[in-house]
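The next block holds one structure in the form of C-alpha cells; read it before the comments.
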Amino acid sequence: GSSPGGVLNLGQTNTILADNISVGMAKQTVALMRFNPAFTNGGANPVVYIRGNSGNAVKLWSIGNGLAQSGTSVGGSGTVNFNSGTVNAVVTAMVLGRPSSSATTAGFPSSTGTLSFNAGNISVITLTNGAMSQPNISTLTNTATGNINITGTGSLSANNVVMAILLGTGGSSTGSLNVTNGTLAVGTLSVGTGTSTINLNGGTLIVTNTAGTPAAPLTAMNLINATLTLPAAATASTTVSTLSSGGTTNMINVSSVPAITVYPTQFPLIKYTTPSGDLTIIGVGTLPGIFQGYISNNTANLSIDVVLTGGPPPSKPVVWNGTVNGNWDTTTANWKSALLFNQNDFSTFDDTALGTTTVNLTTAITPGSLTINNSALNYTFNGT
C-alpha cells in the first residue's frame, strides 16, 4: 500500500520462506514488521524462522528501499522490530535505507531502514546500511539512513558490511550499528563518505579482517564497557576518525598475531585521528596461545596497540638439512646448525641439504614463510 504503509504482526511461532522480503518500499513511510504486541506484552517469547523459498538463504531483504521512485513522492522507509522475541534468519543480501537514484530534482525522496532485535541470530553475507546514490545535484538535502540495533543476547554476523555510501554531491547518508550487550561479528567492514558510527555499550564487536581503512575510516566508534576481538598485523585492523572510550573498562581480545622475531614487539590494533574520553581504560582481554602482553594507548602514533612481552620462541630463519631423518616437526633437529623448527619460523628448502629431501610432515606445521629454491635437489613432501 501507499503511504503510510502497512503493519505486519507476526504470531507466536512463525516460519517465513521467501526469496525476497521488502519492508517500506517507495511511497511508504511507516511500514512495520514486528511480533504482535499481544504476545510480547504477555511475555510469551514469540519466535520467527526466516529462510529463502527453498530453505536456503533469503536472496534480498530490503528495509526502507525507494527502488526506482522518482519525482517528489516520499521515499521508502521501514522498520523491522523483533524485540521481545527470537529471530533466526539467514540472508544473502540485506539493504537498509536506500533511496531511489533516478530522481533529477531537488525533491529527491529520503529513505530510512531500521532493524532491531534482542535475541537470536541474523546471518548476512552482504549488508548495506545507508546508501545514497543520487545524481550530482548539489541542492539535494534528502537523506539515506540505516540503523541496526542489537541488544540483549542478539547477534548479527555479516561477511561484508558497507556503511554510509554517498555518491554524488547532494544529500547525505548515515549508517549506525548500535550494540547493547549483543554481538556484532563482521568479516570486512567498509564505509563511504557519509557518516558511519559504531556504538558499543556492553556489547561485543568481532572483526575478522578490517573495519575501515586509512583512506576511508569509520566516522566514530564509541565504547562503553565494550569487548572487541581484533587481529594483530603490521597495520591496524580498525581505523576510525573519532575513538571514544568510557565506562569502567573496555577490553580487546587479540585473535591472531603474525610471526614474532623479537620480544617485546608491538602491533597497532585501532588507528584513530581524534581521541575522546579515557583511552587508558582500554585493556587486554585474551591473547592467542601462550602470548603475554598488554594494551597501550600509543599517543605518538594515535593508535591503540598490543605490546607482546613473551610467548612462543621468536621466529627465526631455518634451512632444511635432513641429516637426522625426513620428519618436519618441532622436535627433530633436521635443520642446518642442528636447529629445531618452531612454529612460525621462516623455512627454506634449497640445494644445500646434506641428508634426505623426502620431507614427512608429522604434525600440523605453520611456517611464518616457506621458500623453496632448488635447481639440483628434488624435494618430495608427504603427510596429512
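Numerical summary
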read-out	value
Where Rh is the Kirkwood radius over Cα pairs, Rg/Rh for the chain	1.10
Sum of -39500 (n - 2.57) over DSSP H runs of 4+, divided by residues of the chain (222 nm, nearest 500)	0 deg cm²/dmol
For peptides 7-18, 256-267, sequence by mean Cβ density within 10 Å, most packed first	256-267, 7-18
Whole-angstrom Cα spans of the stretch 190-270 along principal axes, big to small	39, 32, 18
Eligible lysines near LYS336 by straight Cα distance, threshold 30 Å, same-chain separation 8 or greater	LYS316
Cβ-placed point charges (K, R +1; D, E -1), dipole of the chain about Cα centre in debye, nearest 20	760 debye
Relative contact order, percent, the chain [alpha-carbon distance under 8 Å, six or more residues apart]	8 percent
Nearby lysines by direct alpha-carbon distance to LYS59 (threshold 26 angstrom, same-chain neighbours under 8 apart not counted)	LYS27
DSSP bridge pairs, the chain: antiparallel proportion in percent, nearest 5	10 percent
Which of ASN360, GLY130, GLY192, positive extreme of dipole for the chain (C-beta unit charges)	GLY130
Sites VAL7 and THR193 - FRET efficiency at Förster radius 25 Å, r taken between beta-carbons, to 0.05	0.10
By average C-beta atoms within 10 angstrom, highest first, the peptides 19-26, 172-179	172-179, 19-26
Inter-site label distance for ILE372 and ASN209 at 7 Å from Cα along Cβ, in nm	2.8 nm
Mean-position separation - Cα centroids, the stretch 173-212 and the stretch 226-267, in angstrom	15 Å
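Taken together, the values in this text are just the output of simple stated rules run on the coordinates, not laboratory data. Computed from a predicted model, the values in this text were never measured in an experiment. Neighbour counts run over all protein chains shown; Cβ positions are idealised from the backbone, glycine included.
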